[in-house]
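What follows is a set of notes on a single structure, which appears directly below.
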Amino acid sequence: MTLALVVLLPFLGAIVAPLFAQAGRTAIAIASSLPPIVALAALYPHWSTLAAGGVLVQTHEWLPAIGLSLSFRLDGLSLLFALLILVIGVLIILYARYYLKKHENVGKFYSLLLLFMGSMLGIVLSSNLLLMLIFWELTSVVSFLLISFWNYKQDARRGARMALAVTGGGGLALLAGVLLLGQIVGSYELDDVLAAADTIKASSLYPVALTLVLLGAFTKSAQFPFHFWLPHAMQAPTPVSAYLHSATMVKAGIFLMARLYPALAGTELWFYMVSFTGMATLLIGAYTALFKHDLKGLLAHSTVSHLGLITLLFGMGTKLAAIAAVFHVINHATFKASLFMAAGIIDHETGTRDMRRINGLWQFMPHTATLAMVAAASMAGVPLLNGFLSKEMFFAESLNLNLPGIWAYLPPVVATLAGVFAVAYSARFIHDVFFNGKPVDLPIYPPHEPPRYMKIPVEILVFACVMVGVFPTFAIGPLLYAAAEATLAGPVPEYHLTIVHGFNLPLLMSFLAFFLGLLMYTQRQRFFDFHARFREIDEKAVFEAAVSRVVEWARRFIEVLENGSLQRYVLLLLLATLAVTIVPITSLGFNVGSLGISPIDLPTTVGSLILIGCALGAAAMHRERLYALILLSVVGLMVALTFARFSAPDLAMTQLSVEVVTIVLLMLALYYLPSWTPREASLFRRWRDAIIALVAGSGMFLITLAMLTRPLDSISRYFLENSVEGGGGSNVVNVILVDFRGFDTLGEITVLAIAALGIYAMLRETKLTAPPTDGQGHPWSTDAHPTILKQISRPLLPLALMVSAFIFLRGHNMPGGGFIAGLITAVAIILQYIASGMTWSHQRMPFNLQTPVALGLFIATATGLASFAFGYPFLTSTFSHIHWPVVGDFELASAMAFDIGVYLTVVGATLMILASLGRLTNQSEVKPGAY
Amino acid sequence: MIAIALKITIVMVSLAVALNVYRLVKGPDAPDRILALDSLSINAIALILLLGISINSRLYIESALLIAVMGFIGTVALAKYLKRGSVIE
Amino acid sequence: MNPILEAVIAVLMVSGGAFTLAGAIGLARLQDFYSRLHAPTKATTVGVGSITLSSMIYFMATTGALALNEGLIMVFLFLTAPISANMLAKAAMHLRVQQAENTKGQAWDQ
C-alpha cells in the first residue's frame, strides 16, 4: 500500500495546495512541500530492505484482462530516482516561493508542480509497463502546462507545444513498443519482462520493439535528432526548468533505458543505436552550448549534452558503463538543478539572462557567485567535485570499447572533445557572468543578493556536489550500489569510488580537456566569429512551419473527403462496405438455411409491400417535402407493425413514440425550408446512386436471409436465462437497459442530455424570420389554437400521463419502461404545446425544462453509486416484489429508481429540443425564462 | 368460429389498409394524404388487436394504445402545419 | 368458451372489419376531400371500435380479468377521431381544396 500512497500523495497535494493560494506564497509553499516530505518519510523504512538487495513489489489488480495492474516496485534504481524527484522537488518548492511574484497564479503553479511530481514518481515506481505509460503520458501533458505557465507569452506557448508534440509522439512510439514487449513476454509486469530478457532478444520482433521503446526514451530525454524541444522549453519559469531539466522530465527517458537495461541491452543493435545517438547528442549539445548568449540556453544545451553522455554510457553495454551512467544521473541532477536556480536568481536580480550584458556580478552577489561557480566547476569536471568522478568513469569506459580498427579511437576522441567544450562553456558561465568587466545596461541596477531563503536550495545542492566529490563512498556509495544492482539485475562488478585512480589515461584526458577548454574560452571570439558564419536555424520556426504544413495537408485532405454532402458520405460508406463484402456475399449467394423460409400471410405481405413502396416513394418524392414526410410516417408505422408482428413489443412501442416526435421535429424544421426543391442531381448521378443502393440492399438481403434461416446461438440466451434471477424482471429488454447494460444506458442518457442542452444553448439567441405564406402562397391562418382541439387536449393530458405511468411501472416485467414512458409523457405535453401554445403550457409547469434533465441524470447516477454503499460494483441492482391491489404484482427493483432517472431525462430532453426549435420565431410571445 | 371470423376480418382490414395507401399515394391534396395516414394508423390498431387475439397474447395491447395516442397527435400536428406552419408556438 | 359469447365476439369482429373496409372504400372512391373525410372518420372509427370491443370481450372471457387497455383505446379513439376530422376539414378549407360539383354547401363562405 505504501508505494501507491507515495505516488498518490502529490496528486492529493495538487488538489489541496491551491486552497492555500489565498493565504499567500509562504503558506502554499509549506502546504505543497508536505506531500513530498511525507512521501520521503514513507519511503525511509524500506531502505534497510533495499540496501540488502531486496525488492519491494506491491500489486493490486486493476484491469487484468488487458494486463494492466496497479503494481508498484521499489528497488535501488527506483529509490534513487524517487529520492531525486522528491528531494529536488522540495527544494524547488522552496525556491519557487521566492521566484514567483505576488500577483502570479501560485495556486496553479504549485498544483501543476505537484501533479508533475506525482506523475514522475508514478513512472519510476510503476512495476507494470502499461501503468508506467499512463504516468509517462501524464508527464508529457503536465510538462506542457508547466512550460506554458506564462501562457500570455507566445514563445512559451510555442515551446510548450513543441515539447508536447515531440514527447507525446515519442509516447505513442513507446506505447507501441511496450505493447510489442508485452506480446513477446506475455505479461506487462516488470518482473516478467526482466526475467524474459533472452526471449525478448531472440524474438524476431526485438528490433522493432527496441526501436520503438528507444524512440520514446530519446524524445523524452532530448536525444539527437529530437533534442530541439528542450532549449525551447526554457520559456518556462526557472523553477520549472530546474526541475524538469535536471532531475525529472528528461531523466524519464534515461530511467526507461536503465529500467529496461537488463531486458533490452547487450545486443549489437542496442549498442549502435544507443551509443551513436548518445555520442551525437553529446557533441552537438556541448558545441551549441558554447555559443548561446542566453544563460538558460547555455544550461539547456549543456543538459542535452550531458543526457547524451548518459545515453552513450548506457549504449556502451558494459556493466561499469551502466554504473557510471547511473552515477552521472545523480551528479548531473545536483549540479544542473543548482545551476538553473542560480541562473534564475541572476535573471531575477538583473532582469536579463543575456551574458553579453551580465558581467562582473561577483561584486554585487558574491554569495550566489560562489555557489554558482562551484556548481559550474562540477559541470566542467573539476576534481574534488562530483562531476569529475563520473566523467572520469566515462573517459575510462570510452577507452574500453572494442570497436574495430580506427573506430576504436572515436569514443575517446568524442569524449575528450565534448569535455573540451564542457570546460569552455562552464568557464564562460563563470567568467563571463561573474567577472569580465562591468555589467552592460542591466534592466535592474544595481543587482543584489536574493532573499536569504532563496539561496538555501542552491546551498544544499552545492553542498551535495562537494560531499559526493570529496567523500564519494560515504556520501553516495550504498545508494549507488543499490541502484547499480537494480539496473544490472544481477551481480555488480567491482568498482571504486575514489577521487584519483592514479595517473592514467582517463586522467590525462581530463587534463587535456581542461586546458584545451580554457584555451578555447580565451580564444572564444574566434569561435564565435566562426560560428556566426553559419546561418542560425530557428527550430521553433521550422517546427511551426512543419506543423502548419501538416495542418494544411490535413485540411485539404478533409476537404476532398468531407465536403459536407451527406449523399457523398453515404456513397463512400456504401462503396467501402461493398468493396469489403462483395466477394463473401457473392460466394454466399441465395442461401437458405436449415430453418427454411417461414410461410407468408396476407397482412404481412400487404404490410411489407406498403413498407417497400413507401420507402421507395419517400426517396423518389423527396423534393416535395410534406409528401415525403407523410410517406416516412407510413414507413415508421409499418416498421412498428413489423416489430409487433415478429414479437418485439418494446421495439414497436419505442418506434411509435419516436416516430411522432421525429415527425413533429421535422415539421418544425420544414417550416423554415422551402416546401419544394428543384432537381439538383444529374440523370447519370441518380442512376449511378440507384444502382449502388440496389447492390448494397441486395447484399444486405442475402446476408439477412442467410442469417435468419439458421438457428442462431447468440448472447440473447444468457440474458433470457438470467433476467428474472439476476435483474428481477421478466421483460428482458428493460432488464438489459436498466440492469445488465445499465452503464450503457447511463452513458446514453448523458449524451441525450448534453445534446438537448447543446441545442438549447445554440438556439437560445437564434431568431429566424417566419415565411409569410406556405409554398402555394396561402397566408397562414390566424387561428393559432383552435378551440375544439384545445378543449379536448386538456383532458387527454391526464389520460396520457396515466398510460405513461402504467407503462413505466410494469416496464420491468412487461413491455414498457422508463424510456417509452418518458416519450409518452413528452408527447402528451407536446400535444398541449400544439393545442394551447408553449406560453400557456409553461405557465402551468412549476419548473423549467433543465430541471428534469438534471434531476434525471442525478437520480440515475446516484442509484448507480448507491450500490457502492452496500459494497457492490457500480449499478448493481436489488429487487423485491410488492403486491398492489387491482393493478397486480409489481417489482420494486432498485433498477426502477434508475429507470425514473431515464424517464425524467427523456422527458426533459425531448421537450427542451422541441421547445427550442418551436421558440425560434415567437420570441415575443414567450416570456424570457419561462422555460 | 372465432378463428374463421378472425381470418375474414384480417383479410378485410388488410384490404382496407391497401385502399388507404392507394388514397395516400393518389392524393391529390395534402389533407387527403394526412387523412389516409390517420385512417392507416387506426387500421393498424385493428391489425394489432387481431394479431393479439390470433396468438392469444396481450403483449401488444399497449402498442395499439400507443398508436391511438401517437396517431392522433401526428394528425393534429400535420393539420396544424398545413394551416399555421408553425406547429409549436 | 360460451358459444353465445363466441358468436358475439365473431359478429363484432366481422362487422368491425366490414365497417373498416367500408370506410377505406369510401376513402378511396368518394369524389372530393370533403366527402372522403366522412368515410374513415366515421365508419372506420366504428369499425375499429367494434374490433376493440371484440378483443375486450375475448380476453375478459379467456382470462377472466378486466381488460382495461381496450377500454382506454376506445376512449382515445372516440375522443380524438372527431378532433382529427375537424382539424383536417379546417385545414382543407384553409387551403381551399377543390370540391366536386355535386358536393353541397360552401363551408368557407359562411
Scan the stretch A:586-599 and report the pairs whose first residue is within 14 Å of residue A:710 (Cβ to Cβ) and whose second residue is among the basic types (Lys, Arg), with Cβ atoms within less than 7 Å and a gap of 6+ or a chain change. A:593/A:710; A:594/A:710; A:595/A:710
Residues located in the stretch A:497-519, provided they are assigned to a loop (DSSP other than H, G, I, E, B) and either hydrophobic (A, V, I, L, M, F, W, C) or surrounded by 17 or more Cβ atoms within 10 Å (Cβ to Cβ) (or both): A:497, A:499, A:500, A:503
Which listed residue, of A:349, A:392, is at pLDDT below 90, assigned to a helix (DSSP H, G or I) and under 15 Å from residue A:507 (Cα atoms): A:392
Looking at the stretch A:752-762, is at least one residue within 30 Å of residue B:60 (Cβ to Cβ), of a type outside the set (D, E, K, R) and open to solvent by 50 Å² or more (accessible area, probe 1.4 Å)? yes
Per the list (1) more than 30 Å from residue A:663 (Cβ to Cβ); (2) at pLDDT below 65, residue check on residue A:897 breaks on (2)
Of the conditions (1) of a type outside the set (Val, Ile, Thr); (2) out of contact with any Asp or Glu (no Cβ under 6 Å at 6 or more places or on another chain); (3) open to solvent by 20 Å² or more (accessible area, probe 1.4 Å); (4) more than 30 Å from residue A:797 (Cβ to Cβ), residue C:36 fails just one. Which one is it? (3)
Failed condition for residue A:251, given (1) of a type outside the set (A, V, I, L, M); (2) closer than 20 Å to residue A:238 by Cβ; (3) over 29 Å from the mean Cα position of the chain (by Cα): (3)
Name the residues in the stretch C:1-27 that are aliphatic (A, V, I, L, M), within 17 Å of the chain's Cα centre (by Cα) and open to solvent by less than 10 Å² (accessible area, probe 1.4 Å), would you? C:13, C:24, C:27
Among the residues of the stretch B:55-82, the number that are of a type in the set (D, E, K, R) and surrounded by 24 or more Cβ atoms within 10 Å (Cβ to Cβ) is 2
With A:796, A:823, A:789 as the choices, which residue is under 41 Å from the mean Cα position of the chain (by Cα), at negative phi, within 10 Å of chain B (Cβ to nearest Cβ) and open to solvent by less than 30 Å² (accessible area, probe 1.4 Å)? A:823
Take the residues in the stretch A:637-665 that are over 26 Å from residue A:735 (Cβ atoms) and buried (at least 20 other Cβ atoms within 10 Å of the Cβ), then tell me which one is farthest from the other protein chains (Cβ to nearest Cβ). A:638
Residues that are at pLDDT 90 or above and farther than 22 Å from residue C:87 by Cβ, drawn from the stretch C:22-37: C:22, C:25
State which residue pairs qualify: first residue touching a residue at least 24 places away in the same chain (Cβ under 8 Å) and inside the stretch A:400-413, second residue of a type in the set (Val, Ile, Thr) in any location, beta carbons under 7 Å apart, and separation of 6 or more residues or different chains. A:400/A:318
Restricting the stretch A:185-231 to residues that are surrounded by fewer than 20 Cβ atoms within 10 Å (Cβ to Cβ) and of a type in the set (Val, Ile, Thr), the residue that is modelled with the lowest pLDDT: A:199
Need at least 3 residues that are more than 30 Å from residue A:205 (Cβ to Cβ) per element, so show me which helices (runs of 4 or more DSSP H) inside the stretch A:246-321 make the cut, counting only ones lying wholly within it. A:276-290, A:295-316
Give the stretch B:39-58 a look and list any residue that's facing chain C (nearest Cβ under 7 Å), without any contact (Cβ under 8 Å) to a residue 24 or more places away in the chain, part of a helix (DSSP H, G or I) and touching a Phe, Trp or Tyr at 6+ places or on another chain (Cβ under 7 Å), or say none. B:52
Would you mind listing the helices (runs of 4 or more DSSP H) fully within the stretch A:11-116 where at least 3 residues are surrounded by fewer than 17 Cβ atoms within 10 Å (Cβ to Cβ) and of a type in the set (Gly, Ala, Ser)? A:25-43
From the residues in the stretch A:555-586 that are open to solvent by less than 90 Å² (accessible area, probe 1.4 Å) and of a type in the set (S, T, N, Q), which one is farthest from residue A:696 (Cα to Cα)? A:563
Of everything in the stretch B:1-29, what is at the interface with chain C (Cβ under 7 Å from one of its Cβ atoms), within 26 Å of residue C:92 (Cα to Cα) and in contact (Cβ under 8 Å) with a residue 24 or more places away in the chain? Give them in sequence order. B:16
Residue C:78: open to solvent by 30 Å² or more (accessible area, probe 1.4 Å), part of a helix (DSSP H, G or I), more than 8 Å from chain B (Cβ to nearest Cβ) and over 25 Å from residue B:2 (Cα atoms), yes or no? yes
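The values are calculated or read from the model by the stated rules, or taken from the named source; none is laboratory data. What you are looking at is a predicted structure, and each value in this text was computed from that prediction instead of being measured. So basically every Cβ, Gly included, is an ideal-geometry build from the backbone, and we count neighbours across all protein chains shown. With ligands, DNA and RNA removed, areas are computed over all heavy atoms of the protein, side chains included. Shrake-Rupley method; radii C 1.70, N 1.55, O 1.52, S 1.80 Å.
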